[in-house]
1. How do the peptides 79-91, 40-52 rank, highest first, by the average count of neighbouring beta carbon atoms within 10 Å per residue?
2. How far, in nm, would the chain grow between K74 and D55 when pulled straight, counting 0.36 nm per residue and subtracting the alpha carbon separation?
3. Sort I70, I58, I39 so the one with the fewest other Cβ atoms within 10 Å of its own Cβ comes first.
4. Taking 0.36 nm per intervening residue step and subtracting the Cα-Cα distance, what contour gain separates L34 from K83 on full extension?
Amino acid sequence: MKAGGVEARISRRDLNPSRANPVLALSHQREVPLSNANIAHVQSMYAAFGGGDVDALIGGMTQDVDWETIGRQKDFPTLGPRKGAAQVRQFF
């Protein structure tokens with residue numbers, strides 16, 4: 001391919017996104033299948049959230065959960081980091 005009078009060659013290797021980003025390189029090395037139990041757990045968490053069942057949602061998290069809504073709490077009370085299930089409950 002010619003670009004501005006200069007020949008440029010692009011190989012498949014150049015199109016590989018993992019070359020530019022080492023995190024992508026790791027993600028392309030292997031796939032980790034989700035177990036049916038993990039899929040069911042995530043689906044139940046979405047259902048709890050969608051149904052407004054905060055108790056089930058909090059119950060599905062570890063007690064040392066880290067939860068962050070980007071922003072400053074002084075700008076809006078539900079923004080900012082929360083640590084642990086009790087603080088996450090305050091978000092809702």
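1. 79-91, 40-52
2. Once the chain is fully extended between K74 and D55, it gains 4.2 nm.
3. Going from least to most buried by this count: I70, I39, I58.
4. 15.0 nm
No lab work stands behind these numbers, since they all come straight from the coordinates. The structure displayed is predicted, hence computed values, not measured ones. With ideal geometry, Cβ positions are generated from the backbone for all residues, glycine too; neighbour counts draw on all protein chains shown.
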